[in-house]
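Engineer: Supplied in structure tokens, the structure appears directly below.
None of the figures in this text is laboratory data; all of them are computed from the coordinates on show. Just so it is clear, the model here is predicted, and its values are computed rather than measured. Positions of Cβ are backbone-derived with ideal geometry, glycine not excepted, and every protein chain shown enters the neighbour counts.
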Amino acid sequence: MNNKIKAAVAGAVLASASVANAGITWDAGEWTVDMNGNVNAFATFEDNKDSGAAIGGGLANTSAANSDSDSFGITTGLLPSWLGFTATTRQNDLDTSVTISFQPGTGGNDALRGGGNTENRQAFLTFGDKSWGSVKVGKDLGIFASTAILNDMTLLGVGGTGLGTGGNGVNGGGGASGTTTTLGGIGTGYLYADWKGQIAYTTPNMNGFSATLGITQPWNTRNLAGAVSANATGTTDQPAFEGQVSYSWTGDFAGKVWGGFFAQDVTGLTGAGITGTTDEDASAFEAGISTSIMNIGLVGYAYSGEGVGTTGMLSDGFDVNGSSRDSDGGYVQATYVIPMGTKLGVSYGVSYLDDNAVDAGANLVKENNRITVGAYHPLTKHLNLVAEFSQVEAKSNGPEASLETDIMSVGAILFF
């Protein structure tokens, strides 16, 4: 994608502290107001290749779960349609800003429902100065895994759709008729950063080095694996802690390297194999690199954790005895911009969830993997036409089984 489209993507997904997102701007007294966002929609065809029982936590559907193995929908992609407002000003030697955004859905297949859901992902303020950094207070994209999703090429498209009518429903429903967004590479290469309340400090840019450290809203443990209905659940009485450090450089060979962490204490775990309650820890670490040279872009990313589960943070992270499950994964991606401006890309990602002894025979997901081949053509500096093919495979720990879903999508995304 060209630099203006790339900046618009980053602005729409992760509004930058104290900086307008180069949308439609106007002055209002002491404030500068920026209205920005995007509209996208895709015709999405999904073919569920295999019959058999659904895999708990798997991101490929089963044809046995539907009257037909094929499904079709008109839906938004990984990035929802977006309308955001950012107001900025400088007072008392502080740059201050406030951001609020709305995300209307496109998909949906029920009459008299209005077609799709609406989300409110951002409501935060920032204050700071370039000499000492900035503070963010409110609801925004989480810190851990945020750079992984911002570098995912399917941010302009669909990627994996998640589970449809026969599955558990992830990230607003998923499937070809998903109600808000698709999954892209979430659950097949990285955990979802999600949108959460936070108080975070970001250092100034120090010759390419930058760091963010914050306390964030703790997540409850969640059971996505319907076949493992008795796994432990719990909450927390402390904040979660997230952080990321990065180094960026420019030039003919430009790039960025980053590392991050997530840590949360989970209290009050209850489950079929637990007497009373127990406390456990959930933690994860990540590392990634993105580079560009001439017309070639490369991304590599990996994460590893205990108790954080897979796909969504703390989803299926603990078994019925309250013991944490290990998980890890990552993705690699290569893109090339041909002379006519079209970006061609291929991405492969995989997420693993280890089972514990008590999970034997539970049909819990062992692996979700995805390969996506895409073409992204900038028809104008704001408008991209997109075509993607993705193949998603889910494998279970036991009994051993696998399901495969093929996804073809074509559509358009326009930023302003």
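Engineer: If you rank Asp194, Asp354, Asp252 by fewest surrounding Cβ atoms within 10 Å, what's the result?
Structural biologist: On the way: Asp194 19, Asp354 15, Asp252 7.
Arranged by neighbour count, lowest to highest, Asp194, Asp354, Asp252 become Asp252, Asp354, Asp194.
Engineer: I need to check one value: relative contact order of segment 347-416, counting alpha carbon pairs closer than 8 Å and at least 6 residues apart, in percent.
Structural biologist: Values: 146 pairs, mean separation 21.2, N = 70.
Relative contact order of segment 347-416: 30 percent.
Engineer: Additional query: Can you tally the net charge around Thr32? Count Lys and Arg as +1, Asp and Glu as -1, for every other residue whose Cβ sits under 15 Å from the Cβ of Thr32. If you can, show how the numbers build up before the last one.
Structural biologist: Working: positive: Arg90; negative: Asp27, Glu30, Asp34, Asp95.
Residues near Thr32 contribute -3 overall.
Engineer: Output the pairs from Lys196/Lys256; Lys136/Lys196; Lys343/Lys381 with a Cα-Cα distance over 21 Å in this structure; if there are none, say none.
Structural biologist: Details: Lys196/Lys256 25 Å; Lys136/Lys196 12 Å; Lys343/Lys381 14 Å.
Lys196/Lys256, as the Cα separations exceed 21 Å there.
Engineer: Also, I was wondering about something else. Label segment 281-355 by shape, choosing from rounded, prolate and oblate, from the square roots a ≥ b ≥ c of the eigenvalues of the Cα gyration tensor; if a/c is under 1.5 it is rounded, and otherwise prolate applies when a/b is larger than b/c, oblate when it is not.
Structural biologist: Details: a/c = 4.73, a/b = 3.20, b/c = 1.48.
It comes out prolate by the Cα gyration axes.
Engineer: Beta carbons within 10 angstrom, averaged per residue: use that to sort the peptides 152-160, 385-393, highest first. Please list the in-between numbers first.
Structural biologist: Working: 152-160: 28.4, 385-393: 21.1.
Descending mean neighbour count gives 152-160, 385-393.
Engineer: Measuring from label point to label point, each 7 Å out along Cα→Cβ, what is the Ser248 to Leu213 span in nm?
Structural biologist: Between Ser248 and Leu213, the simple spin-label model gives 2.2 nm.
Engineer: Can you give me the distance in nm between label points at Thr25 and Leu298, each placed 7 Å from the Cα along the Cα-to-Cβ direction?
Structural biologist: Going from the Thr25 label point to the Leu298 one covers 3.6 nm.
Engineer: Once fully extended, how much extra length lies between Gln238 and Asn205, figured as 0.36 nm per residue of separation less the alpha-carbon to alpha-carbon distance? Spell out each step's value before the answer.
Structural biologist: Details: separation 33, 0.36 × 33 = 11.88 nm, distance 3.02 nm.
Going from the current span to full extension adds 8.9 nm.
Engineer: Place the peptides 33-43, 119-129, 83-93 in order of packing, highest mean first, counting for every residue the other Cβ atoms within 10 Å and averaging per peptide.
Structural biologist: Values: 33-43: 20.4, 119-129: 17.8, 83-93: 15.7.
Result, highest mean first: 33-43, 119-129, 83-93.
Engineer: Please report the spacing between the Cα centers of segment 343-416 and segment 238-290 in Å, no decimals.
Structural biologist: Here the answer is 22 Å between Cα centres.
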